[in-house]
Amino acid sequence: MRDNISISVIIPTCNRRKSLLRLLKSLTESEYPILEVIIIDAGDELLSDEELSAFSNLVILYFQSERSVCIQRNLGIQKAKGEWVFLCDDDLEVPSTYLTLLVSHIQQIDTTGAISGLVLQMEDKQWKEQYPITSPAKLIWNFVFQLSIWGEIRCKGNNIVIKRIKQYYEAKGNHLSKAGWPVLTNFQGDYFKTPVYGLGASLVRKDWLIKSPYDEVLDANGIGDNFGVAAGFPDEGIHVLNNAFVYHHRELSNRPLNATRYLKRVLALD
């Protein structure tokens, strides 16, 4: 079992003062000690010394950067003193037990190098971590064109085609499709492994991130950036705990339109 690990929190941000302050408030309540919080700000609305003083139990290092979330993340990772880096999007809210649960898993399973809890998003007035497929037609469509699936397959019926497709995905487990899209259909157990996951609430070994940095050319908003980073991780992939979670508030400012995000993800996968 590993001893306690040192954690540097990296927060890239740009003109999201309200979200950033909410995140910092949640980090002040962390059960697990945080070595430092590195904020890389590319915006015009910088936090004041007075605002930062409200988080006196955190060691906050505040830097400015050009407007590119990948450049911001890489800069923060380079400056981090911790053995582990908590990649933390600025529109998250992190429960006090989150890092404790992630560290406990790392201490129990030595091969862990990247770990996340479930990332909950508000959908139809409920916090959800996945998008199950219940429509046979949608399942067939995604299978034929090897599109992304981010949820369990819950189609009912005894149709032989549906049965065969279910068997295919069960055998494959969490993987990248032939078209390169992430397919996550197995969310079972205390934790599950996956080659790709949103890294916005992940604890990752710093040396893994140094060897597989964020692509600073692809997109200033970081659309699809996690795919390339995770692709450079060892075969162990990413562990995702089912008993840990964060709230993702999906701040609308600096968020491109859906069509643009889809295009950027296609380019990232390519």
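Need the failing condition index for THR28 against (1) within 21 Å of THR97 (Cα to Cα); (2) in contact with a Gly (Cβ under 8 Å, 6 or more places away or on another chain); (3) surrounded by fewer than 19 Cβ atoms within 10 Å (Cβ to Cβ), just the number. Evaluating THR28 over (1) within 21 Å of THR97 (Cα to Cα); (2) in contact with a Gly (Cβ under 8 Å, 6 or more places away or on another chain); (3) surrounded by fewer than 19 Cβ atoms within 10 Å (Cβ to Cβ) leaves (2) as the failure.
Criterion applied to SER19, SER96 was being assigned to a helix (DSSP H, G or I), surrounded by fewer than 23 Cβ atoms within 10 Å (Cβ to Cβ) and of a type in the set (S, T, N, Q), and the one residue passing it is SER19. Where residues in the stretch 220-257 are assigned to a helix (DSSP H, G or I) and open to solvent by 40 Å² or more (accessible area, probe 1.4 Å), which of them is modelled with the lowest pLDDT? Per the stated criteria, the residue is GLY228. Right, ASN142: surrounded by 17 or more Cβ atoms within 10 Å (Cβ to Cβ) and at pLDDT 95 or above or not? Spelling it out, ASN142 is indeed surrounded by 17 or more Cβ atoms within 10 Å (Cβ to Cβ) and at pLDDT 95 or above. Being at pLDDT below 95 and assigned to a helix (DSSP H, G or I) is the filter; apply it to the stretch 31-60 and report the residue that is surrounded by the most Cβ atoms within 10 Å (Cβ to Cβ). Once the filter is applied, the top-ranked residue is LEU52.
Yes or no: the stretch 147-154 includes at least one residue that is in contact with a helix residue (DSSP H, G or I) (Cβ under 9 Å, 6 or more places away or on another chain), open to solvent by less than 20 Å² (accessible area, probe 1.4 Å) and either among the basic types (Lys, Arg) or part of a strand (DSSP E or B) (or both).
There is at least one residue in the stretch 147-154 that is in contact with a helix residue (DSSP H, G or I) (Cβ under 9 Å, 6 or more places away or on another chain), open to solvent by less than 20 Å² (accessible area, probe 1.4 Å) and either among the basic types (Lys, Arg) or part of a strand (DSSP E or B) (or both).
Just the residues that are surrounded by fewer than 14 Cβ atoms within 10 Å (Cβ to Cβ), part of a helix (DSSP H, G or I), under 27 Å from the mean Cα position of the chain (by Cα) and of a type in the set (Lys, Arg), please, taken from the stretch 155-179. Hit for the stretch 155-179 is LYS172, nothing else.
If you check VAL183, VAL196 for being of a type outside the set (Gly, Ala, Ser), in contact with a Ser or Thr (Cβ under 7 Å, 6 or more places away or on another chain), under 14 Å from GLY151 (Cα atoms) and touching a residue at least 24 places away in the same chain (Cβ under 8 Å), only one passes: VAL183.
The values are calculated or read from the model by the stated rules, or taken from the named source; none is laboratory data. Remember, predicted model here, so these are calculated numbers, not experimental data. Cβ atoms come from the backbone with ideal geometry, glycine included; neighbour counts cover every protein chain shown. Side chains are part of the model used for accessible areas, which takes the heavy atoms of the whole protein and leaves out ligands, DNA and RNA. Shrake-Rupley method; radii C 1.70, N 1.55, O 1.52, S 1.80 Å.
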